[in-house]
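These notes concern the structure reproduced below.
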Amino acid sequence: MSYVLLFSVFVIATCGLVYELIAGALASYLLGDSVTQFSTVIGVYLFSMGIGSYLSKYVNKNLIGLFIQVELLIGLIGGFSAAILFVSFEYVSSFRILLYSLVSITGTLVGFEIPILMRILQSHFEFKDLVSKVFTFDYVGALLASLLFPLVLVPHLGLVRSAFMFGIFNVLVGIWALYLFKDEIPWVRLLRGTAFAVLISLAMGFVYSDRILSFAEAASYQDKVIYSKSSKYQRIVLTKSTDDFRLFLNGNLQFSSKDEYRYHEALVHVGLASLKNPKTALVLGGGDGLAVREILKYPSIEEIVLVDLDSEMTDLFTKHEALSKLNSNALSSPKVRVINDDAFLWIKSNTQKFDFIAVDFPDPSNFSVGKLYTNSFYRVLKTALAEKGVGAIQSTSPYVAKKSFWCVNSTLKSVGFKTTPYHVYVPAFGDWGYILISNEDFQLPQKYPEGLKFVTVELAQTFLVFPQDMMFDSTEINKLNNQILVRHFEQEWADYVH
């Protein structure tokens, strides 16, 4: 019986860390800046565990019954936590208060249950053996949770279903203890009925988790959600109105099919059309294949390498009929080689030179993306650009985030690139900025491929003109060890929204 209870420590530890990771990931999805969200969630959770451990000393009676009640509470609150947070995000003005309240309550209960369980077990083991065994099972459970979360739970179950599943595990531990100690617990029938009621509610939540998430996302997006999935790296949501597809990653708009051609024509053709008979092109990010579609308009192109971290993205835009039509089946072209890898790691091992490079990463809203805007990354990027090649980097809005935009420019210049900043108006985003990179002085093209909807020789002249309210004198360099760009970006967009 004692080892059965020790095994419950393993289950409890796994469940506790999963709730913590779910809260951190969910906060990152909804609020952005994964480093800040995980740091604050973990801090609040551990502090709350300390409070729970301290409070446990005041309990001296009916320890087994209390332990079971705590298990049921953790299962109920932890299991429903993700669903509550997703559904409430659009309706609760003080969302952070709700988030940290749930984290605090869960952490306090988890911190409370371990000391109680140790006191239940103290008659079965010597003190030194008890402590070593409990903490061994606790840490092994934490290791399992940290491995399961990114490899299995997020990509295959999602946050909401995972929370319900581990809530069920907590309740099963409580039911198991009810069975083992049924003769020592007062009000055992009432407790058993409560346990099975909680178990049924969690099981129903698990079964209907997709509907719960669909309801939450329907409130978050103006148009109908036609596709949603949590990959290992991000939450992918696709919406559709009468004549418009919109892609959102972690809640941030990536494109509108009504005007994406403006964005992608500007990203590709301003640089690529300046080259004579370009042969090779590299696209970093851009898993939607829309930049690749534009590059394929050049008959001289023989090879396009697309490096995008998320295979769910590239698969979606290869196999989904409407989306593959949008990118003109670009990702199925025999000229295109798709590589699903971290661009930072891939480019370090790359030895190939490219005539044209399009860098189409998401905005630097967190440190994991911000590393792809650092001088360390750009220094390696420079080795991939052919001597007479050019590239273009999407660089956020010079109107909303001018400090960020010009910081990208100064960072690129710091590694030896010649830079040519330019901007265009994209209705879905507003005024959007790019920085063209080269090893030699750049001249605007005097001819573009036929059939473009937006870019022309005359219009491109205006792309280089920046009004005074977009100018900012920046010499700041975004480095891996400071990530000043992420802080600028967050502050500027937060000020603009509010």
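Bear in mind that the values in this text are calculations on the coordinates, not laboratory data. On a predicted model such as this, the values are computed, not experimentally measured, just so you know. Cβ: placed from backbone, ideal geometry, glycine included. Neighbour counts: every protein chain shown.
Bridging of K240 to aspartates and glutamates at a Cα separation below 17 Å is possible for E217, D223, D259, E260, D288, E321, once same-chain residues fewer than 8 apart are set aside. Considering only L316, M118, A142, and ranking their Cα positions along the charge dipole of the chain that arises from unit charges at the beta-carbon of Lys, Arg, Asp and Glu, the one farthest toward the positive end is M118.
Within the stretch 228-311, report the trypsin sites (Lys or Arg not before Pro) that DSSP leaves as loop and that have at most 11 other Cβ atoms within 10 Å. Walk me through the intermediate numbers first.
Working: sites: K229, K232, R235, K240, R246, K258, R262, K276, K279, R293, K297; in loops: K232, K258, K276, K279, K297.
Answer by residue number: K276.
When both the stretch 161-202 and the stretch 75-141 are represented by their alpha-carbon centers, they are found 16 Å apart. Rounded to 0.05, the FRET efficiency of the R211 and L55 pair, given R0 = 41 Å and the Cβ-Cβ distance, is 0.65. What's the angle, to the nearest 10 degrees (0 to 90), between helix 2-31's Cα axis and the longest principal axis of the chain? That works out to roughly 30 degrees. For K382, the aspartates and glutamates whose Cα falls under 14 Å of its own Cα, not counting residues fewer than eight places away in the same chain, are D355, E440.
Within the chain, antiparallel bridges make up roughly 60 percent of the DSSP beta bridges whose residues both belong there. Within the stretch 211-288, which chymotrypsin sites (Phe, Trp or Tyr not before Pro) sit in a loop by DSSP and count at most 16 neighbouring Cβ atoms inside 10 Å? Here no chymotrypsin sites (Phe, Trp or Tyr not before Pro) fit, given the DSSP loop and packing criteria. For percent of Cα pairs over 39 Å apart, the choices are (i) 35; (ii) 22; (iii) 28; which was calculated from the structure? Correct label is (i). The longest stretch of the chain left intact once loop-based GluC sites (Glu not before Pro) with at most 14 other Cβ atoms within 10 Å are removed from consideration, loops following DSSP, is 303-439. The value of relative contact order for the chain, using C-alpha pairs under 8 Å at least six residues apart, is 13 percent.
Listed by chain and number, the aspartates and glutamates whose C-alpha is less than 14 Å from the C-alpha of K57, apart from same-chain residues fewer than 8 away, are E113. For V426, the shell of other residues with beta-carbons less than 9 Å away shows a net charge of -2, using +1 for Lys and Arg and -1 for Asp and Glu. Against the longest alpha carbon principal axis of the chain, how many degrees, from 0 to 90 and to the nearest 10, is the axis of helix 95-121 turned? The angle comes out at about 40 degrees.
Taking the stretch 47-146, which trypsin sites (Lys or Arg not before Pro) meet the DSSP loop condition and have no more than 12 other C-beta atoms within 10 Å? Each step should come with its number before you reach the end.
Numbers: sites: K57, K61, R96, R119, K128, K133; in loops: K61.
Answer by residue number: K61.
For the chain, the longest principal axis of the Cα atoms and the long axis of helix 158-180 meet at an angle of about 10 degrees. May I ask for the distance between the Cα centers of the stretch 398-450 and the stretch 469-495, given as a whole number of Å? One Cα centre to the other: 16 Å.
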